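Below you'll find the structure, written out as structure tokens, and then a few comments.
The values are calculated or read from the model by the stated rules, or taken from the named source; none is laboratory data. These numbers come from a predicted model, not from an experiment. Positions of Cβ are backbone-derived with ideal geometry, glycine not excepted, and every protein chain shown enters the neighbour counts. The protein model used for the area step is the full one, side chains on, heavy atoms only, and it has no ligands, DNA or RNA in it. Shrake-Rupley method; radii C 1.70, N 1.55, O 1.52, S 1.80 Å.
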Amino acid sequence: MSLTILLYKSILKTTQAYSKASLPLTGIVGTRWTAPPTLDVVGYVRHLFRQPTDTLQADLNEGLHAFRQLNKQLSVLQQADETYRSALSMWAREQAEVVERMRAMPQHGEAQAVLHAWGLLEVLTNDFPNSSAASRDEQLIQHQTELRSSLSDLADEVRRSAPAHLMHQDQLGGTAGVGPEHLRFLSEELFQKRKFRNYPFEWVYDGLDPARLRCVLKTTKGMPLTLGALYTQVGTMLGVDLRMCATPVPSVHIPEELMNMKGRQVRVGGSTGQGPPPLQWTVQTEGTEDGKPVLISVDVSRKGEVTTHPRASVSEPQSPYARRGFHMDVWAEMARVMVTAHQRRGQSDEVAFWMYQSMALDANAEEWAQFRTYIE
């Protein structure tokens, strides 16, 4: 067990190095390891090493590989330009705040993390390189407050429109439970009455507005990512435990002319790539239909179409590896969308800026392939 103890201390020390370097950590490149929904990486490492002895021995080889990857990954991110590191530090701070929020209110912690991330996106897309740290902090508080207020007002409007039989204790479903009829009402309110919709757009002409929740609230025109976030936030404020789910991430092709690995830095040339299409997102929750447990799914790209699927009454045993929180998927997709948007717009500096954020927020990001000879 001495090797296991040494490995534990080494991994713990390296994860703490991410915090000291103000870098987010949500997973390890080339492994199945991912941070838990709480994003409490240190606590999760301690949890893993409290497993039974036979489990630890079985995972020892993988643990050694993860430790090597963790250090290489840290080294790559530390090579980032100072401006890029400033952006990563804001994500690291958000990660630390998620840890605290999830301890205080675990039920809605993931939804809160998504909401806060959209406020952060406003800061990162508002002349970030030329703003001061103090200005960024002020902007962040302002945008997060404004978003929360706008979404709360929208939720109140929906609540006032709800028929009495759908509301219990001022919440949709309430203690009586949520059924498909509750989400059909919410979809009708958002997509039919208020005209929110999945709007065809082109990054070159529409700018970044389809990916900015603040703009979608004003124009009602968005993409599945922002519409899913809006639906989740409003539903959560109405007392429904919703989570966003994406289709599998498509393969991303980054043209070679965009990347020059000299000095292990991401450098962007003059050419731009098409990038992958945005992911399709649905919103899901567990509920009941005709007294039977069902999974209720809402397709935000199709005017909030609601479908139900039978679900097992007994949950499957938990894997020793944590479930990935949906807010982590949203963060990763936000950065990936920004890479695609700026590629389409021919903005090479912004592409590099967001590529580092994509890698820091997603250990499976295609950009890590550019470091294959170094990271593996």
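Got the relative contact order for the range 1-128 handy, in percent, Cα pairs under 8 Å and 6 or more residues apart?
RCO, the range 1-128: 32 percent.
Would you please give the FRET efficiency between R46 and S152, computed as 1/(1 + (r/R0)^6) with r the Cβ-Cβ distance and R0 = 30 Å, to the nearest 0.05?
After rounding, the FRET efficiency stands at 0.20.
Going from most exposed to least, what order do T31, T145, T307 have by accessible area with a 1.4 Å probe?
Largest accessible area first, the list is T145, T307, T31.
In whole Å, what are the extents of the range 47-165 along the principal axes defined by its C-alpha atoms, from largest to smallest?
Taking the Cα atoms of the range 47-165, the three principal extents are 57, 49, 18 Å.
Mind checking which lysines have their Cα closer than 29 Å to the Cα of K303? Skip sequence neighbours fewer than 8 apart in that chain.
K193, K195, K218, K221, K292
If R₀ is 56 angstrom, what is the calculated FRET efficiency for the pair T220 and L6, using the beta carbon separation as r and rounding to 0.05?
The value I calculate is 0.50.
Taking the full set of protein chains and a 1.4 angstrom probe, give the accessible area of L12 in square angstrom, rounded to the nearest 10.
20 Å²
For the range 122-214, report the accessible area per residue in Å² (1.4 Å probe, heavy atoms, rounded to an integer).
52 Å²
So how exposed is E97, as accessible area in Å² (1.4 Å probe, rounded to 10)?
E97 has an accessible surface of roughly 80 Å² with all protein chains in place.
Leaving out ligands, DNA and RNA, what percent of the accessible area of the range 85-233 is carbon and sulfur, probe 1.4 Å?
48 percent
I need the calculated FRET efficiency for the pair N130 and A96, taking r as the beta carbon distance and R₀ as 30 Å, to the nearest 0.05.
0.70
Please work out the Cα center distance from the range 279-307 to the range 164-228, rounded to the nearest Å.
13 Å
Which aspartates and glutamates, if any, have their Cα less than 19 Å from the Cα of K20, not counting same-chain residues under 8 positions apart?
In chain and number order, the partners are D40, D81, E82, E94, E97, E100.
Run down the lysines and flag those whose C-alpha is under 17 Å from the C-alpha of K13, throwing out any fewer than 8 positions away in its chain.
Answer for K13, where 17 Å is the Cα cut-off: K72, listed by chain and number.
Would you check the accessible area of E305, probe 1.4 Å, heavy atoms only, in square angstrom rounded to 10?
Using a 1.4 Å probe on the heavy atoms, I get roughly 80 Å².
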